[in-house]
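In what follows, a single structure is set out as C-alpha cells and then discussed.
Please treat every number below as a calculation from the coordinates, not as lab data. Source: prediction; values computed, not measured. A quick note on method: Cβ atoms are made from the backbone with ideal geometry, for glycine too, and the neighbour counts reach across all protein chains shown.
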C-alpha cells in the first residue's frame, strides 16, 4: 500500500520508485491509496471525481513502471484530522503487509506534532517503510 497525496505528486517519486521496485522484485501487488474530503478540494470537486483522478494517476504509473497498480480512494470528513485513522482503516481493509510512504523533511513542528508516517510506523500492524 502506498498512500498518495495528489496535491503533492512531485514529492512522491522516491516512494513510488521504491514501492514499484519491491512489487516487481517480490511479485506482489501495489495499491495507491488516496484520502479526500467530501467537500471540493484543489484536486477534485467531489469524492467520485477524486477517485477518478486517482485511478488515472494509477493507470499512468502502471504504464510508466510496467506493473499492475490498483487504486483505492477514501473519503474523510476532515483529512487533516482523520488521515491517520483513515489510513489505518485502509491497511486493515486491504490486508496490507507493507506500507511504503513518503515523508517530509523533519523540522521543529515534528517535535510537537507526530507525522502521519511516524504514526503509522508506530501503530500499524504491518511493516511501514518511510521514504524521505
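If both residues of a DSSP beta bridge must be in the chain, then about 0% of such bridges are antiparallel. By the count of other C-beta atoms within 10 Å, a proxy for reagent exposure, 1, 88 are ordered fewest to most as 88, 1. Going by neighbour counts of Cβ atoms within 10 Å, the residues 130, 2 line up, fewest first, as 130, 2. Distance from the Cα centroid of segment 72-89 to that of segment 1-15 is 16 Å (rounded to whole angstrom).
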